[in-house]
Amino acid sequence: MKNTQKIVLMTALLGASGLAFAGPEHRSHGSDARPSSQPAREFAGAIKQLDLSPDQQAEIESIFVASRDAMKAHAEASKALREDLRNLLNAPQLDEDALATLAEAEGDLAEERVMLMGTLAADVLAELDEEQRAELEELRAERLARRGERRQDRRGS
């Protein structure tokens, strides 16, 4: 196995193991939202702030509705994978082959998540005009700035 592949697998494993040990009670602000659903929620929230025509609203709503089943299936698969990893890591003896299989599955889920979100975003953005896209980008920049400020506040700087 190439070093790059080993690094990617270890990164996925470390990230997933953190989720496995954290468990559902450690989600931010008591939310039941899955980590993979957060970008979709933020994107939908930003879209709702735009001045959309009724036709755009209907088309964008249909895009989100059409993606809902795939997103739900992805969330369920992700939850099952975290549970499998939690069980594996709590076993008396580590099964490295099973761990490698779970790491590969985590990589597959990450790829699927990127494809789902990329397709959703592209379909929604295709419904927006240039002015709306610029406003959406401005909202994104503001959200990132607020996130950076909150991060600094948590660090005490």
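What follows is calculated from the coordinates using simple rules that are stated; it is not laboratory data. What you see is a predicted model, and the numbers here were worked out from it, not measured in a lab. Glycine gets a Cβ as well: all are built from the backbone with ideal geometry, and neighbour counts include every protein chain shown.
See the values below:
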quantity: Alpha-carbon centroid distance for the pair the stretch 129-152 / the stretch 96-127, whole angstrom; calculated: 24
quantity: Cβ-placed point charges (K, R +1; D, E -1), dipole of the stretch 37-98 about Cα centre in debye, nearest 20; calculated: 240
quantity: Shape of the stretch 28-157, Cα gyration tensor, a/c cut at 1.5; calculated: oblate
